[in-house]
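Please read the structure below before turning to the comments.
The values are calculated or read from the model by the stated rules, or taken from the named source; none is laboratory data. A quick note: this is a predicted structure, and the numbers were derived from the prediction, not measured. All Cβ positions, even for glycine, are placed from backbone atoms using ideal geometry, and neighbour counts span all protein chains on display.
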Amino acid sequence: MTNALIIGGGIAGAITAMALRKAGITPAVYEAYPSGADDIGAFLTIMNNGIDALRAVDVHQPVIDNSFAANTVEFLDGSGNTLAVQDIGSEVNGPRTLTRATLYRVLHDEAARRGIAVVHGKRLIAAESIPGGAVARFDDGTTAHGDLLIGADGIHSVTRSIIDPTAPGPRYAGLNIAYGYTRDDSLPTATDRYRMIFGKRAFFGYTTSPDGQTWWFARLPAPETGPVPHDEIRQRLIDALAEDETPAANIVAATADRIFLSNAYDVPTTPVWHAGSMVLVGDAAHAASPAAGQGASMAIEDGVVLAQCLRDVPNNAFSAYEELRRDRVERLVATSAEDGARAAAGSADVDDRQDSRAWLYGHHIDWAASVV
């Protein structure tokens, strides 16, 4: 295999492209959006295992340079009582927080530096395996041919439905997710840590960036929502957080700029990950609700492992990749769903993340090692 079509230029697509290049395969990325992608106003944390996977393909430093650390997590109940303080960081692979927009820019800049083509405005409408490769058809009437096609087109993946028309679609997780940013000296800071609050009606988390800005998110049990005016979102959140004796309601009230609201979905299992010369990575193959904070990290792991399999076992790469990844990612999806359900129910049960989730955070990818 010498060249690959990658459908989707988000986290999974960009990392997969760079990992393939490192494995000696020429990638080309086709992104539906003119620039960036959806959910661009949100922020995320790349966890220890995600940083480790970035390091395997030498992409860690640009991400570290454009993010900040959050090496401790503090859990509180709705009365403001501290339930636990846990160290989740390390000097080598500690978690890093940044906006999605920044991460996309960093990854695309790095891809361009490595000579990888990223073509925008290419929305996939059809694809098929052909003798010796795959062909993709886009809504602008153009086509592209490659030795293989990788669907990195997210939770609402078109590639998934092409590979298996009976594949289950995303499942609504019962949560509205809000993100916001505010700068107010009267607010308590959470430097180098996340402060997580099990509120009576909503789960709330915040951290403080190095420049003193508060970055926050809220998970609110509610029906699926469409576009909502800023003032309505803010008031809805304030009402849900007002019963708690924590800073959460005041942080939301101090947010004058846009609040970004979305719905949480997951894909518990996708029966078919690959067919012919087509394969899925990231949220296209498996998607977790955001409760465990692992979506980006799992997508990064996928891209690196797929590239290793194509390098080491090209004649059986897709099956080897699925065997290495399926159990891990489906366990993560289930764990994240449980976390979200507990928080939505107001449960403040806190496990020891370092011990109970060593399987998750401690995962290591050795690029030089063979997958077989």
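On the basis of being outside any strand (DSSP E or B), modelled with pLDDT of 95 or more and surrounded by fewer than 19 Cβ atoms within 10 Å (Cβ to Cβ), does ALA101 make the cut? Against the criterion (outside any strand (DSSP E or B), modelled with pLDDT of 95 or more and surrounded by fewer than 19 Cβ atoms within 10 Å (Cβ to Cβ)), ALA101 does not qualify. Selection within the stretch 287-334: residues that are in a loop (DSSP other than H, G, I, E, B) and under 22 Å from ALA56 (Cα atoms). The member of this set that is modelled with the lowest pLDDT is GLY293. Cβ separations smaller than 8 Å between residues 6+ apart or across chains give the following pairs from the stretch 151-178 residues that are closer than 30 Å to ASP231 by Cα to residues that are charged (D, E, K, R) and in a helix (DSSP H, G or I): GLY154/ASP283; ILE155/ASP283.
Residues that are touching an Asp or Glu at 6+ places or on another chain (Cβ under 9 Å), more than 25 Å from SER67 (Cβ to Cβ) and either in contact (Cβ under 8 Å) with a residue 60 or more places away in the chain or not in a strand (DSSP E or B) (or both) within the stretch 104-135 comprise VAL119, GLY121, LYS122, ARG123, LEU124, GLY132, GLY133, ALA134, listed in sequence order. Scanning the stretch 335-361 for residues that are surrounded by fewer than 15 Cβ atoms within 10 Å (Cβ to Cβ) and at pLDDT 90 or above yields a total of 1.
Filter the strands (runs of 3 or more DSSP E) completely within the stretch 158-274 down to those with at least 1 residues that are over 30 Å from ILE6 (Cα atoms). Lay out the reasoning, then the answer.
Working: elements: 171-182, 193-198, 203-208, 214-221, 260-266.
Where strands (runs of 3 or more DSSP E) fall fully within the stretch 158-274 and carry at least 1 residues being over 30 Å from ILE6 (Cα atoms), they are 171-182, 193-198, 203-208, 214-221.
Going by the structure shown, is ALA19 within 18 Å of the chain's Cα centre (by Cα) and within 24 Å of ARG219 (Cβ to Cβ)?
Values: within 18 Å of the chain's Cα centre (by Cα): yes; within 24 Å of ARG219 (Cβ to Cβ): no.
No; evaluated as a whole, the condition is false for this residue.
Restricting SER186, SER209 to those that are among the polar types (S, T, N, Q) and closer than 30 Å to GLY8 by Cα reduces the list to SER209. When SER67, SER129 are checked against the criterion of being modelled with pLDDT of 95 or more, hydroxyl-bearing (Ser, Thr, Tyr) and under 29 Å from GLY180 (Cα atoms), SER67 stands alone in meeting it. Do you know which residues across the stretch 60-98 are touching a helix residue (DSSP H, G or I) at 6+ places or on another chain (Cβ under 7 Å), part of a helix (DSSP H, G or I) and surrounded by 18 or more Cβ atoms within 10 Å (Cβ to Cβ)? Passing the criteria: HIS60, VAL63.
Check ALA218, ALA242 and return the single one that is of a type outside the set (Phe, Trp, Tyr) and under 26 Å from the mean Cα position of the chain (by Cα). If you could, list the steps in order and put the result at the bottom.
Values: ALA242 fails: under 26 Å from the mean Cα position of the chain (by Cα).
Residue meeting the stated conditions: ALA218.
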